[in-house]
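The values are calculated or read from the model by the stated rules, or taken from the named source; none is laboratory data. Since we're looking at a predicted model, the values are computed, not measured. Here the Cβ is made from the backbone with ideal geometry for all residues, glycine too, and neighbour counts use every protein chain on show. In case anyone asks, the SASA skips ligands and DNA or RNA and just uses the protein heavy atoms, side chains included. Shrake-Rupley method; radii C 1.70, N 1.55, O 1.52, S 1.80 Å.
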Amino acid sequence: MVKFVGREAELQNLHEMLQENNQVVIAAIAGMGGLGKTELALQYAKAHRKIYKGGICWLLAKTGDVGIQIVQFARTQLDLNPPEDLDLPAQVQYCFRLWREGNVLLVLDDVGEYQQVKPYLPAPSSRFKVLITTRQHFGASIKVLSLDVLQAEAALELLKSFFQETPQRIEEELAVANQLCEWLGYLPLGLELVGRYLARKQDLSFTEMLRRLKKKRLEQPGLVKPEADMTAQRGVLAAFELSWQELKDSDKQLGCLLSLFAAAPISWKLVEQCLPEEDEEKLEEIRDDKLWNLHLLQRKGEGIYQLHPLLRKFFQSKLTGLEQAEELKRSLCKVMVAVIKEIPDSPTLKEINDISFAIPHLGEVTRNLIQYVSDDDLIWLFFGNGWFYYRQGLYNQAVSWYEQCLEITKKRLGEEHPSVATSLNNLAYLYKSQERYSEAEPLYRQALRIFRRCLGEEHPSVATSLNNLAVLYKSQGRYSEAESLYHQTLVLLQSLLEEEHSDIAVSLNNLAVLYYCQERYNEAESLHQKALELMRRLLGEENLDVATSLNNLADLYESQGRYNEAEALYCKALEIKQRLLGQEHPDVATSLNNLAVLYESQGRYKEAEPLYLQALNIFEQRLGTNHSYTVSCRKNLADLRDRLPPNPE
Ligand SMILES: Nc1ncnc2c1ncn2[C@@H]1O[C@H](COP(=O)(O)OP(=O)(O)OP(=O)(O)O)[C@@H](O)[C@H]1O
Ligand SMILES: [Mg+2]
């Protein structure tokens, strides 16, 4: 016998529902296939059989009319003889009246529609208690215990119970065992089948089992066939198949569409956008009356839905046979591209948070459906993924998306394509952020070459490329090369754009920074003022480019000993960055560090220390311990502490 795990609260709950409130005569355990509804009812009946002195009558609702079964039971088990001339409900009531003394538990296992059982229910406050298990959502008048999957610990416990004689098998691969539980979505049926299968196959490792499951999914033999002594009579696929058969074509299509999303909460708005031809209300009806009603779909919050991981795999397997499969895939891709294109150029932290719900799906589509994305949209998906992480200062995650982007654009579009150049640019930009200068340079150069060849010399993309390369050279201290490129950029931009354009302002700012590095302070200051004025006018105050520019100007003031002016600008830049990027971004850390340096040079050591600490913490988390920003911030802090008087403690 398999060990019964978890469900303590549920058992208690059931008991209270049926016993403590005398009004309730009927309680339903509801949930998807394989969840353990029948098992819970069994365990309940076993645990409380003593209080049901009138006996327990267990009927399988699917095997025939419930009324006939009740009468049959009464005839054979209780020797009752309801008069044949009564109609069936009356015969049932007759049996209830003359049933053996004491409380009775009537279990109706696996009920489809509530209407099937309604005519035969005992009167309220009678000694009969009815416990139903069902995959349906019944109406509000019935007390329902909504069952969920097992907790992670209980799931592992269930898996472990199959290895009582060879516990080392699971102990040695505990991490993989946990992954198995997760893959199975903590569904008891899946866990039991896999546990039994592994127990039978003594040479099969958990790792290999997980690999096979990932490959064959619900067709993997372990999930297919139950053993004779199990409560469940079917494998996972067959259990789900029962619900599938209740669906109409349009229900099926919706289920399959949902399976294309990631195994994560799905905003219903996205689903609607994928099916623009469908009527909103009709979709809602399918969602609520069919998928949700049959426990094939979970509601996770307002307008948020999710498929159980195994149901998701089930629907995916059905998708291959669906006529609209290709269309659905293409449609989802388009919707995800649209989501990215809607992100404003300089989004606030809130705007980033607002799209974070779409990120898992964006990743899923980019990984698995990229062949359904049009050439024009290709880089958008990767860009959206990478950029989401980049903006949070999570450069490593961002790099991997940008690297894939380059590989795929090259393969799909050939080496000489503007999208390839954009990919090169993006990747190089990230490499630069990670101080991988020598890797960045050839990519920038290649991008520039491609842009020039494909778009001609007179093109904004060429200007962007020149500017990027100049920034890189500046970071490497190659000032004269940088200067000539900045001038080229400016000339080009001025010929392409109207005088008042934020790109020109950014370019002026860059050149000013270069002058500052070359200690040409007067030229730097006047350019900075000009750039800042232009930016503020075109972009408003709440903008990252403005913050950068303020910061740059503050650097300049500081080096000239104009501390008060510098402080005001650093603080302003810091505030803007914190609002737009959050507290944990490397750019925020840079500002904190700068401000601390300023305080330190004024002898305000006590104020400097916490800022260094905060900055160092962010740098270490986001850029790693060896990045030059981290190293220099750590050194700053150590130097400062050398100057501070020793701590009295
Ligand atoms: N808490 C548990 N501990 C151990 N095994 C469990 C537990 N819950 C369920 N199982 C096992 O998982 C399998 C599936 O459970 P069960 O048959 O009760 O699911 P169900 O919800 O009734 O599914 P269906 O809707 O298909 O009837 C059974 O073999 C059962 O023994
Ligand atoms: Mg069942």
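Quick notes
- Selection count where residues are modelled with pLDDT of 95 or more and touching a Leu at 6+ places or on another chain (Cβ under 6 Å), scope region 210-220: 1
- Residue match in region 299-307 (condition: in a loop (DSSP other than H, G, I, E, B) and out of contact with any Ser or Thr (no Cβ under 9 Å at 6 or more places or on another chain)): yes
- Listed by first and then second residue, the pairs with beta-carbon distance under 6 Å, at least 6 apart or on different chains, first residue in region 207-221 and farther than 14 Å from G190 by Cβ, second surrounded by 13 or more Cβ atoms within 10 Å (Cβ to Cβ) and among the β-branched types (V, I, T), are T207/V176.
- Any pair with Cβ under 7 angstrom, 6 or more apart, that starts in region 84-97 at a residue that is in contact (Cβ under 8 Å) with a residue 60 or more places away in the chain and ends at one that is among the β-branched types (V, I, T) and exposed (fewer than 14 other Cβ atoms within 10 Å of the Cβ): none
- Selection of region 374-395 for residues being over 15 Å from G363 (Cβ atoms) and part of a helix (DSSP H, G or I) yields D375, D376, D377, L378, I379, R391, Y395.
- Elements of type strands (runs of 3 or more DSSP E) in region 46-159, at least 1 residues being within 35 Å of the chain's Cα centre (by Cα): 104-111, 128-134, 143-146
- Evaluation of L191 against (1) more than 24 Å from the chain's Cα centre (by Cα); (2) within 16 Å of ligand 2 (Cβ to nearest atom); (3) buried (at least 21 other Cβ atoms within 10 Å of the Cβ) (one fails), failing number: (1)
- So R391, is it surrounded by fewer than 21 Cβ atoms within 10 Å (Cβ to Cβ), basic (K, R), over 25 Å from E327 (Cα atoms) and more than 21 Å from the chain's Cα centre (by Cα): no
- Top-ranked residue of region 109-126 - restricted to ones that are farther than 20 Å from L35 by Cα and touching a strand residue (DSSP E or B) at 6+ places or on another chain (Cβ under 7 Å), ranked as nearest to ligand 2 (Cβ to nearest atom): V117
- Taken together, the residues in region 22-57 that are within 16 Å of ligand 1 (Cβ to nearest atom) and either free of Cβ contacts under 8 Å to residues at least 24 places away in the same chain or farther than 21 Å from R7 by Cα (or both) amount to 1.
- Being within 13 Å of ligand 1 (Cβ to nearest atom) and touching a strand residue (DSSP E or B) at 6+ places or on another chain (Cβ under 9 Å) holds for only one residue in L60, L18, L11, and it is L60.
- Residue within region 125-132 that is in the same structural domain as C95 (by TED's automatic domain parsing), open to solvent by less than 80 Å² (accessible area, probe 1.4 Å) and either farther than 23 Å from W58 by Cα or within 16 Å of ligand 1 (Cβ to nearest atom) (or both) present: yes
- Screening L427, L362 for residues that are farther than 26 Å from Q273 by Cβ and part of a helix (DSSP H, G or I) leaves exactly one candidate, L427.
- Selection status of K62, open to solvent by 50 Å² or more (accessible area, probe 1.4 Å), in the same structural domain as A140 (by TED's automatic domain parsing), under 20 Å from Q233 (Cβ atoms) and away from ligand 2 (no atom under 15 Å from the Cβ): no
- Counted residues, region 245-260 - those being open to solvent by 10 Å² or more (accessible area, probe 1.4 Å) and in a helix (DSSP H, G or I): 5
- Restricted to region 261-283, and to residues there that are under 15 Å from the mean Cα position of the chain (by Cα) and assigned to a helix (DSSP H, G or I), the residue that is farthest from R299 (Cα to Cα) is L270.
- For A615, the criteria (1) over 25 Å from R536 (Cβ atoms); (2) open to solvent by 20 Å² or more (accessible area, probe 1.4 Å) hold in every case but one, which is (2).
- Subset of region 100-113 (residues that are away from ligand 1 (no atom under 16 Å from the Cβ) and either under 15 Å from I29 (Cβ atoms) or buried (at least 21 other Cβ atoms within 10 Å of the Cβ) (or both)): L105, L106
- Some residue of region 543-551 being farther than 30 Å from E500 by Cα and open to solvent by 60 Å² or more (accessible area, probe 1.4 Å): no
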